[in-house]
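Trainee: I am attaching a structure below and will ask some questions about it afterwards.
The values are calculated or read from the model by the stated rules, or taken from the named source; none is laboratory data. From a predicted model like this one, the values you see are computed outputs, not experimental measurements. All Cβ positions, even for glycine, are placed from backbone atoms using ideal geometry, and neighbour counts span all protein chains on display. Just the protein is used for accessible areas: all its heavy atoms, side chains included, with ligands, DNA and RNA removed. Shrake-Rupley method; radii C 1.70, N 1.55, O 1.52, S 1.80 Å.
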Amino acid sequence: MTADNPGMVIVGAGECGGRAAVALRENGWHGSITIIGEESHPPYERPPLSKSFLTDTGEVPFKTNEDADRFKTLGVEHMEAQKVASIDRMAQVVVTQEGTRVPYHRLLEPDSK
């Protein structure tokens, strides 16, 4: 994504953010797609927890929704380990804590209520 050609920015790299990126591309979004998330790994499905989880000594399965190769194939940029510090809606820019400015044409963000 460039400042001259901003696209879709998705704030949050959880399961919803990953699925939204794929759905956008599969439904005809031709512009750039950038996912910004605090996690240092690809979006993943959070497993349902049960009593067996509390008593079992095994690991919880960690199933990624879309791995890095799939995002690359779809043309999705995933900015890992990046916390969003602010969103300037007038300038249409997302700013990370590190000071990276990511321009957007459309923005998908979690409800802040």
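Trainee: For the range 1-21: of the residues being closer than 14 Å to residue 101 by Cα and modelled with pLDDT under 90, which is surrounded by the most Cβ atoms within 10 Å (Cβ to Cβ)?
Mentor: Out of the qualifying residues, it is 6.
Residue-wise test of (1) open to solvent by 50 Å² or more (accessible area, probe 1.4 Å); (2) at pLDDT 95 or above; (3) farther than 11 Å from residue 9 by Cβ; (4) over 14 Å from the mean Cα position of the chain (by Cα).
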{"residue": "34", "(1), (2), (3), (4)": "no, yes, no, no"}
{"residue": "48", "(1), (2), (3), (4)": "yes, no, yes, yes"}
{"residue": "52", "(1), (2), (3), (4)": "yes, no, yes, yes"}
{"residue": "62", "(1), (2), (3), (4)": "yes, no, yes, yes"}
{"residue": "73", "(1), (2), (3), (4)": "yes, no, yes, yes"}
{"residue": "87", "(1), (2), (3), (4)": "no, yes, no, yes"}
{"residue": "113", "(1), (2), (3), (4)": "yes, no, yes, yes"}
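Trainee: Which numbered condition in (1) out of contact with any Asp or Glu (no Cβ under 8 Å at 6 or more places or on another chain); (2) at pLDDT 70 or above; (3) open to solvent by 40 Å² or more (accessible area, probe 1.4 Å) is the only one that residue 28 fails?
Mentor: (3)
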